[in-house]
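What follows is a short report on a single structure.
Any read-out appearing in this document is the output of simple, stated calculations on the displayed coordinates, not a laboratory observation. Note that this is a predicted model, so its numbers are computed, not measured. Reconstructed Cβ throughout: ideal geometry from the backbone, glycine too, with neighbour counts over all protein chains shown.
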Amino acid sequence: MAMLDARMTTTPSARRPNATAAPRLTRERLGVWRERLVLPNGREVWVRPIEPCDADALRASFRALSPEEVRLRFQAPLREMSADMAQRLTSIDPATGFALAVTEPLPPGEALIGGVVRASIVPGTRHAEFAIIVGRPLAGQGLGLHLMRRLIHWCRARRLDAVFGDVLVENEAMLKLADALGFERRHVPGDHGLVRIELTLRRNDETPATPSATDPAGDTASTRGHEAAG
């Protein structure tokens, strides 16, 4: 299984041109923000909060990404993920961020990573920036839609106003997925190669509530979870 962790990236499946028509997943909850999924092709994966001990696996998996996947993630060439960067992306402050990893059914630190979704609350705001990637070995199995729904659940549980991300204009798979989830497209000032997609979670006339630790799906917010979107 190859690692993925990219900024607004999904890999389209050759068998499923419509990225929003997700196949059904079999889901078994294992604990707080943890679940076992059996994909439509029969493959078993775990979805869980990313942890600091995943740093080495994240670096190793990065090497399996294609140059195009790296470009879509970082919007710039990057040959290697440094140890410091991997540590930052796996060390999460639960007060401001959240990240789920798709892994082999092995303990943290041993499992390869096949996908990541993350959100980071912008300081001084009630908005969160998100990022997602699902790699080629897992494409076309409905994981992108599932991960995005989990991320949105977390944002709603935190009583955020909106969640957003910047997407390259040629990333059609991600844009279609965002459209299916109700995101709106906005112009990014000064950058014609990017589209900002944003989902409003709370109307302006609603009063912010105290952040909850329990998401709408019935999970309790983890003490670990985010990887910075950068």
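For VAL163, VAL116, VAL195, VAL169, what ranking results if the residue with the fewest other Cβ atoms within 10 Å of its Cβ goes first?
Arranged by neighbour count, lowest to highest, VAL163, VAL116, VAL195, VAL169 become VAL169, VAL195, VAL163, VAL116.
Calculate the spin-label point distance for GLU184 paired with GLU198, positioning each point 7 Å from the Cα along the beta-carbon direction, and give it in nanometres.
Taking the two extended label points, one gets 0.8 nm.
Determine, for PHE98, PHE164, the number of other Cβ atoms within 10 Å of each Cβ, and report the residues in order from fewest to most.
Fewest to most other Cβ atoms nearby, the residues stand as PHE164, PHE98.
Could you pull out every residue, at least 5 positions away or on a different chain, whose amide H is within less than 5 Å of the one on VAL122? Hs are placed 1.01 Å off N in the peptide plane, and Pro or chain starts have none.
Close amide H contacts, sequence-distant or interchain: HIS127, ALA128, GLU129.
Going by how many other Cβ atoms sit within 10 Å of their own, how do TRP33, TRP154 line up, fewest first?
Placing the least packed residue first, the sequence is TRP33, TRP154.
For Cα pairs less than 8 Å apart in space and 6+ apart in sequence, what is the mean separation divided by the residue count of the stretch 9-200, i.e. the relative contact order in percent?
Relative contact order, the stretch 9-200: 23 percent.
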